[in-house]
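Report on the structure given below.
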Amino acid sequence: MKVVSQLMRGEGLFARVMRSSMWATFGYVASQFVRLASNVILTRILFPDAFGLMALVSVCMTGLMMFSDIGIGPSIMRSQRGDDPNFLNTAWTLQVIRGVCLWLTLCLLAWPVATFYDQPLLLPLLPVAGLTLLIAGFNPTRVETANRHLQLGRVISLDLISQITGIIATIGLAWATQSVWGLALGGVVGSAVKLLLMHSFLAGPANSFHLNRADAHELVHFGKWIFLSTIFGFMLSQGDKAILGKYVDLQTLGIYNIGYFLASFPLLLGGAVTARILIPTYREISADKTVGRVKRLRLMRAGLTGAILSLQFMMAFIGVALVGFLYDPRYAAAGPIMVVISLVQIPLIIGLTYDQAALAAGDSRSYFYTIAARATAQTTLFIIGAEYWGLAGALIGQGIAAVSLHGVTIWLARKYKVWDPVHDAAYAISSIVLGYLVVRLNQGSLELIF
């Protein structure tokens with residue numbers, strides 16, 4: 001404990017990394033705990049169909065956000081001008097314009113989406129839920145400045161407060177309306193509270209509308225590959241639900257979404273931590289590659305992977321029991337779904353700490369290539385599996401894609417001299433052994449979906 005305490009003191013790189021890692025982990029765990037608690041409460045108020053409908057709304061909103069992402073956050077974190085007020089105001093102005101365009105686009109897409117899924121309620125639901133995109137466009141760049149300097153405490157605290165407020169509103173509105181409208185309106189309340197808190201309590205000058213041609217060019221030049229990456233990132237993170245929406249009914253989709261939410265907790269936690277700390281870390285280490293710093297980075301990556309994998313296997317082992325404890329029998333199939341998704345995501349966790357090295361070096365093109373390859377393989381195999389063998393085939397296809405595309409991650413890691421073959425081999429072997437035990441333990445439950 002004394003060694004850890006000493007490492008966390010001061011303003012050195014690894015002291016800031018450790019403090020930021022702890023804040024990011026705390027923030028994400030607390031956030032997911034709050035979401036889980038609200039999810040359990042809401043399943044007592046609403047039917048599974050409401051969660052299936054909201055899953056489709058989420059797919060549309062997330063898709064638009066990712067299809068229009070020009071990488072403003074990573075640009076601020078990596079750019080040498082990331083603290084320049086003119087650069088930040090240009091970034092904020094582009095962000096506001098994007099938010100307005102996102103909401104208008106969602107309004108235009110509401111009718112064709114409702115027709116495609118044969119769900120008329122999506123026609124009014126999408127524009128209302130999409131107000132969260134409009135509001136988020138006005139969030140201050142002070143959030144990204146705090147990430148840039150690995151000073152995350154206040155940002156995460158304010159974000160958590162806004163989430164809790166939004167969830168309380170969601171539960172109250174769901175109780176009052178007894179419909180999916182409670183979920184949509186609660187999200188809007190949470191976004192509005194977050195905007196107010198970030199503007200009121202984060203240190204730094206307020207943003208104002210300003211467009212500088214050189215700054216905009218830097219943002220767009222770096223961000224064009226982020227934009228393309230997030231299109232394929234949508235396929236990775238939301239493609240399964242978008243595809244299943246055409247193959248299964250709303251109730252099954254809602255149950256799948258619950259299993260996915262629980263199983264993805266460790267992977268998304270790891271993603272939240274690495275996105276906040278590894279770009280600044282890789283950026284600073286690339287300028288000072290002393291032996292001590294490189295060794296500490298290697299240990300940090302190994303520790304992060306080990307922690308996330310441990311949590312992932314815990315979720316796999318207890319998945320069926322956890323769903324049975326938290327939810328009523330209508331949601332029982334979410335248990336084996338959670339187990340399978342937990343196993344499918346193992347290769348992604350092993351390679352989780354490599355991607356940010358490319359972004360830290362300003363190479364968003366190579367990052368795009370890796371995301372595009374993964375997304376294309378996963379989506380293709382997911383569709384083939386769903387078409388011929390239903391939900392079980394889709395999940396198996398997703399797993400095959402995750403394993404086969406790890407080679408692309410290795411290519412990216414080797415390009416920036418951060419690949420650690422001992423790290424990958426050790427965690428792969430241990431994962432195979434533990435995965436076999438998970439399947440044996442849950443063999444009877446897995447028959448519900450296989």
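Read-outs: derived from the displayed coordinates by stated rules, not from any lab. Being a predicted model, the structure only gives us computed values, none of them experimental. In this analysis, Cβ positions are derived from the backbone assuming ideal geometry, glycine residues included, and neighbour counts consider all displayed protein chains.
Where Rh is the Kirkwood radius over the Cα pairs of region 238-450, the temperature 4 °C and the viscosity 1.567 mPa s, what D in µm²/s does Stokes-Einstein return? Write out the running numbers ahead of the final one.
Working: Rh = 18.1 Å.
Translational diffusion coefficient: 72 µm²/s.
Among T141, T305, rank each residue by its count of other Cβ atoms within 10 Å, from fewest to most, as a rough exposure measure. List each step's numbers first, then the result.
Values: T141 26, T305 21.
Fewest to most other Cβ atoms nearby, the residues stand as T305, T141.
Given R₀ = 22 Å, FRET efficiency for A214-C101 by Cβ-Cβ distance, to 0.05?
On the way: r = 23 Å, r/R0 = 1.04.
Efficiency, from the Cβ-Cβ distance: 0.45.
How would E144, E387, E218, E447 line up from fewest to most surrounding beta-carbon atoms within 10 angstrom? Working shown, then result.
On the way: E144 22, E387 13, E218 18, E447 9.
Ascending number of Cβ neighbours within 10 Å: E447, E387, E218, E144.
Please order S200, S431 by the number of other Cβ within 10 Å, starting at the fewest.
Numbers: S200 9, S431 19.
Ranked by crowding around the Cβ, least crowded first: S200, S431.
Taking 7 Å along the Cα-to-C-beta vector as the label spot, tell me the R298-K246 distance in nanometres, rounded to one decimal.
4.8 nm
In region 32-231, if the dipole is taken from +1 on Lys/Arg beta carbons and -1 on Asp/Glu beta carbons about the Cα centre, which of F87, L211, M54 is farthest to the positive end?
F87
With r as the distance between the Cβ atoms of W111 and F47 and R0 = 30 Å, compute the FRET efficiency 1/(1 + (r/R0)^6) and round to 0.05.
Details: r = 25 Å, r/R0 = 0.84.
It comes to 0.75.
Starting at the first residue of region 108-116, write each ³J(HN,Hα) from the Karplus equation 6.51 cos²θ - 1.76 cosθ + 1.60 with θ = phi - 60°, in whole Hz, x for Gly and Pro.
Per residue, the Karplus-derived 3J(HN,Hα) values read 5, 7, 4, 5, x, 5, 4, 5, 4 Hz.
Stretched out fully, how many nm does the piece from K417 to R35 gain, at 0.36 nm a residue minus the Cα gap?
Stretched fully, the K417-R35 segment lengthens by 133.7 nm.
With unit charges on the beta carbon (Lys/Arg positive, Asp/Glu negative), name the residue among V433, T409, P329 whose Cα is farthest towards the positive pole of the charge dipole of region 238-450.
Value computed over the given set: T409.
What are the ³J(HN,Hα) values, in whole Hz, obtained from phi via the Karplus relation 6.51 cos²θ - 1.76 cosθ + 1.60 with θ = phi - 60°, for each residue of region 187-203 in sequence order, with x given for Gly and Pro?
x, 5, 4, x, 5, 5, 5, 4, 4, 4, 5, 5, 6, 8, 10, 8, 5
Taking the Cβ-Cβ separation of R440 and H406 as r and a Förster radius of 22 Å, what is the calculated FRET efficiency to the nearest 0.05? Before the final figure, lay out each step's value.
Values: r = 24 Å, r/R0 = 1.10.
With a Förster radius of 22 Å, E is 0.35.
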